[in-house]
């Protein structure tokens, strides 16, 4: 397992427009490992022959794998450790295929002092086209 440097932003460090981006190339091993961890072994994700007969013509990543990239940004970079998910909406707009580079962006769009809550706009884009959009509410720690 690879450990990356974490960035922690407190509530007061955040402003409307604060954002972070994560880019990740989707690999076959990601789909296999995600299926193993999640229990979602739908053949659209794991079987070339099955997937060839679908409207996508090839294997696609789990939608929740793509959504997990949003969680990675929130939990490790913006706001980072200490942020607690309160809610997440997701709109799946298109497939993500093996070899696609997913650009995940999380941006502060609202701050609420009470409870140090922050609303985040979340998007995943492949080749300039949105494949997932949504928003999250998180509780963010105070400065220590």
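A few points about this structure:
- Identification of strands (runs of 3 or more DSSP E) wholly contained in the range 66-144 with 3 or more residues that are over 20 Å from residue 56 (Cα atoms) and without any contact (Cβ under 8 Å) to a residue 40 or more places away in the chain yields 117-126.
- Residue in the range 35-45 that is in contact with a strand residue (DSSP E or B) (Cβ under 7 Å, 6 or more places away or on another chain) and closer than 22 Å to residue 138 by Cβ present: no
- The lone criterion from (1) buried (at least 18 other Cβ atoms within 10 Å of the Cβ); (2) touching a helix residue (DSSP H, G or I) at 6+ places or on another chain (Cβ under 9 Å); (3) within 16 Å of residue 134 (Cβ to Cβ) left unmet by residue 31 is number (3).
- Residue match in the range 23-38 (condition: farther than 24 Å from residue 6 by Cα and in contact (Cβ under 8 Å) with a residue 40 or more places away in the chain): yes
- Of all the criteria given as (1) within 15 Å of the chain's Cα centre (by Cα); (2) surrounded by fewer than 16 Cβ atoms within 10 Å (Cβ to Cβ), the one not satisfied by residue 105 is (2).
- In the range 66-86, the residues that are in contact with a helix residue (DSSP H, G or I) (Cβ under 9 Å, 6 or more places away or on another chain) and surrounded by fewer than 22 Cβ atoms within 10 Å (Cβ to Cβ): 68, 80, 81, 85, 86
- Scanning the range 52-63 for residues that are part of a helix (DSSP H, G or I) and either touching a helix residue (DSSP H, G or I) at 6+ places or on another chain (Cβ under 6 Å) or closer than 15 Å to residue 27 by Cα (or both) returns a single hit, 63.
Since every read-out is calculated from the coordinates, none of them should be taken as a lab result. Quick caveat: nothing in here was measured; it's all calculated off a predicted structure. Quick reminder, even Gly has a Cβ in these numbers, built from the backbone with ideal geometry, and neighbours come from all protein chains shown.
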